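In what follows, a single structure is set out as C-alpha cells and then discussed.
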Amino acid sequence: THKFWESQPVGQFKDIGDSNLPEGPIEPPTLLSEVKQEPYNLPSQYEWTTCDMESDETCREVYDLLKCNYVEDDENMFRFNYSQEFLTWALRPPGYYRSWHIGVRAKSSKKLVAFITGVPARIRVRDEVVKMAEINFLCVHKKLRSKRLAPVMIKEVTRRVHLENIWQAAYTAGVVLPTPITTCQYWHRSLNPKKLIDVGFSRLGARMTMSRTIKLYKLPDSPATPGFRNMELRDVPAVTRLLRNYLSQFVVAPDFDENDVEHWLLPTENVVDSYLVESPETHEITDFCSFYTLPSSILGNQNHSTLKAAYSYYNVSTKTPLLQLMNDALIVAKQKDFDVFNALDVMHNESFLKELKFGPGDGQLHYYLYNYRIRHALRPSELGLVLL
Ligand code: NHW
Ligand code: EN5
C-alpha cells in the first residue's frame, strides 16, 4: 500500500513496537563517489530546474505554483498562501544550498509544474546532534497528480542532500506515512470571530449569538507584561542562551546557534514576529515568544479572499507565566490584524491552549525523520521542533 515508502530507509509500520531495533541511522552513509552523479529520470515532457530563490522572477513562479496548488484543508475551503518574502526567508537560512531548491518545468512551455526544497539544519535527537535537511514545499501541479512524480522528486532531493554528505532529514505532513515520530493536533484561537464564521473557518457555537461570541474572544488593546517588547539584533546572544537552554529538555529539537537565531527569530516584517520580556529592574531577558505569518486563500467566498493566520513558533518562559506571555502574543497578533492564532500541542503549549480559548482544529500534523529510527513514538510535548 506504500510501494515507494516501503523502499525507503524510514521506520516501517511492521516494525512498530519492535524493541530490538536500535535507535539511530537506519542505513550507514556511503562514499560520496557512490552517490548517483546524474539526476533521476523524469517523464520525457519534463525537465529539472534549480530554482534561484535570489531571483525575484523565479521566486514569483514558485509563489504562483504554491498559491494555486499547495496544501488545502480536508474540505478544500482554504489553501496555504505563503508570501514571496516568506519563501525567501524560509529557503535561505545560514548555509543553504541553492541545489536543494528543485523545480520541474514542462519542456515546451517552461512552465514550473512541481517543486520540492531542502534547507540544512542541525537537529538534536536525545543527546546526538545530527546534520539534517528539512524538507518542505513538495508540490505537484493539480493537473499532474497521481502520476508518481512525487517519489521522483523525493529521490532527487535525497540525492542532492547526499551529495553534501548529509544522510538524514526531517519533514512534516498532514497525511500518514511510514511512520510518524509523533502526531500533533492543530489548535485555533479566534481573533476575528465574525470573519472566521462568515468564511466557514469556524461555526457559531450552540446557544451562542454573534455578539456573545465577539465578546468571548475580546482581548485588551496592549500587552500586560511590563518590559514586553520587540526582539532586536542586540538581543540575539541573550535569546540564543534562553532558547538553547529551553530546547535542551525536548527529545527532538533544533540545535540553534546565534546565526540561526538571527535568521529564524529576528523579526522580519510580515514573516516572523518575536517579542521578549526585559526585566525593568535588572534588564535581564527572561521570556520570549514568536509567531510566523502564513495566510490562507479562502476558496470561493464572495466577501473575503484571504485569512490572515499567525502560527505559534518558539516560546520560552522563565519568569512570566507561559499563559500570560501567550496572552500577550494574542494581544499583539490581534493588534496586527491577524484573524486567527494557530498552535500545535508541541513543547509546553498544552498548558495554555484551553485556558486561552484555543479550540482543536480538524487537522493534524505528523512529524517524520528520514533514515533515523526512534525507539518509541514521542508525545507531542516531547517535541521541540516547529517546521514552517
Ligand atoms: S507536506 C505538504 C505536501 N504537499 C501538499 O500536500 C501539496 C498538495 N499536494 C500535492 O502537491 C510538507 C501532491 O498531492 C503531492 C503528492 C506532491 C503531495 N510527503 O506523485 P504521486 C512537505 O512538503 C507519497 C511524502 O502519485 P501526488 C514535506 C504517497 O504516499 N510523501 O502523488 C514533504 C505515495 O507513495 P506510496 C507523500 O498526489 C516530505 C506517492 O507519494 C506525500 O501526485 C517529502 C504518490 O506519488 C507527502 N506529503 O503527489 C519526503 N504525499 O509509497 C521527504 C504523498 O504511499 C523525505 N506522498 O505509494 C526526505 C528526503 C530527503 C532525505 C535526505 C537524506
Ligand atoms: C507543512 N509545513 O487542515 C504543512 N488545517 O486544524 C503541511 N482547520 O485550519 C501539512 N475543513 O479546524 C498541513 N477550524 C496539514 C494541515 C492542512 C490544513 C488544515 C486545519 C488545522 C484547519 C480549520 C478550518 C476547517 C475548515 C473545514 C478548523 C475550526 C476552528 C475553531 C475556532 C474556534 C474554536 C474551535 C475551533
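The values are calculated or read from the model by the stated rules, or taken from the named source; none is laboratory data. Quick caveat: nothing in here was measured; it's all calculated off a predicted structure. Here the Cβ is made from the backbone with ideal geometry for all residues, glycine too, and neighbour counts use every protein chain on show. When the accessible area is computed, the model is the full protein with side chains, heavy atoms only, and any ligands, DNA or RNA have been set aside. Shrake-Rupley method; radii C 1.70, N 1.55, O 1.52, S 1.80 Å.
If you go through the stretch 242-265 one residue at a time, do you hit one that is within 23 Å of residue 86 (Cβ to Cβ), open to solvent by 20 Å² or more (accessible area, probe 1.4 Å) and touching a Gly at 6+ places or on another chain (Cβ under 9 Å)? Checked against the condition, which is being within 23 Å of residue 86 (Cβ to Cβ), open to solvent by 20 Å² or more (accessible area, probe 1.4 Å) and touching a Gly at 6+ places or on another chain (Cβ under 9 Å), the stretch 242-265 yields at least one hit.
For the stretch 181-194, give me each residue that is away from ligand 2 (no atom under 12 Å from the Cβ) and open to solvent by 30 Å² or more (accessible area, probe 1.4 Å).
Of everything in the stretch 181-194, just one residue is away from ligand 2 (no atom under 12 Å from the Cβ) and open to solvent by 30 Å² or more (accessible area, probe 1.4 Å), namely 194.
Taken together, the residues in the stretch 1-14 that are open to solvent by 90 Å² or more (accessible area, probe 1.4 Å) and in a loop (DSSP other than H, G, I, E, B) amount to 2.
This table checks each residue for (1) open to solvent by less than 70 Å² (accessible area, probe 1.4 Å); (2) touching a His at 6+ places or on another chain (Cβ under 7 Å).
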residue: 32; (1), (2): no, no
residue: 41; (1), (2): no, no
residue: 46; (1), (2): yes, no
residue: 51; (1), (2): yes, yes
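Only a single criterion out of (1) touching a Lys or Arg at 6+ places or on another chain (Cβ under 9 Å); (2) over 20 Å from residue 95 (Cα atoms) is not satisfied by residue 254, namely (2).
Flag: residue 340 matches the condition of being outside the structural domain of residue 136 (by TED's automatic domain parsing), surrounded by 15 or more Cβ atoms within 10 Å (Cβ to Cβ) and farther than 22 Å from residue 135 by Cβ.
Name the single residue that is farthest from ligand 2 (Cβ to nearest atom) among those in the stretch 162-173 being of a type in the set (A, V, I, L, M) and in a loop (DSSP other than H, G, I, E, B). Checking each candidate, the answer is 163.
Within the span defined as the stretch 174-194, every residue fails to be part of a strand (DSSP E or B), within 14 Å of ligand 1 (Cβ to nearest atom) and within 18 Å of residue 102 (Cα to Cα). What number of residues within the stretch 15-26 satisfy the criterion of being surrounded by 10 or more Cβ atoms within 10 Å (Cβ to Cβ) and not hydrophobic (A, V, I, L, M, F, W, C)? Residues in the stretch 15-26 being surrounded by 10 or more Cβ atoms within 10 Å (Cβ to Cβ) and not hydrophobic (A, V, I, L, M, F, W, C): 5 in total. A single member of 229, 159 is modelled with pLDDT of 95 or more and part of a helix (DSSP H, G or I), and it is 159. Strands (runs of 3 or more DSSP E) fully within the stretch 92-144 that include at least 2 residues being within 25 Å of residue 45 (Cα to Cα) and near ligand 1 (Cβ under 9 Å from one of its atoms): 112-125, 128-140.
State all residues of the stretch 210-229 that are in contact with a Leu (Cβ under 8 Å, 6 or more places away or on another chain) and open to solvent by 40 Å² or more (accessible area, probe 1.4 Å); if no residue qualifies, say none. Before the answer, list the steps.
From the stretch 210-229, those in contact with a Leu (Cβ under 8 Å, 6 or more places away or on another chain) are 210, 213, 217, 219, 225, 228-229; that's our starting set.
Result: 210, 217, 229.
Scanning the stretch 125-132 for any residue that is in contact with a Leu (Cβ under 7 Å, 6 or more places away or on another chain) and within 16 Å of ligand 2 (Cβ to nearest atom) turns up nothing.
Here the stretch 274-291 is the region considered, the condition is being open to solvent by 10 Å² or more (accessible area, probe 1.4 Å) and of a type outside the set (Val, Ile, Thr), and the residue that is nearest to residue 84 (Cα to Cα) is 275. On inspection, residue 17 qualifies as assigned to a loop (DSSP other than H, G, I, E, B), of a type in the set (Gly, Ala, Ser) and at pLDDT below 95.
The set of residues in the stretch 145-156 that are part of a helix (DSSP H, G or I) and either free of Cβ contacts under 8 Å to residues at least 12 places away in the same chain or away from ligand 2 (no atom under 16 Å from the Cβ) (or both) comprises 149, 151, 152, 155, 156. Residue 143 - would you say it is open to solvent by 20 Å² or more (accessible area, probe 1.4 Å), more than 19 Å from residue 356 (Cβ to Cβ), in the same structural domain as residue 48 (by TED's automatic domain parsing) and at pLDDT 95 or above? Judged against the criteria, residue 143 is a match. Among the residues of the stretch 347-375, those that are modelled with pLDDT of 95 or more, assigned to a loop (DSSP other than H, G, I, E, B) and more than 28 Å from residue 197 (Cβ to Cβ) comprise 347, 348, 371, 372, 374.
Can you tell me which residue in the stretch 347-356 is farthest from residue 246 (Cα to Cα), limited to those that are within 13 Å of ligand 2 (Cβ to nearest atom) and buried (at least 16 other Cβ atoms within 10 Å of the Cβ)? Applying the filter and picking the extreme gives 356.
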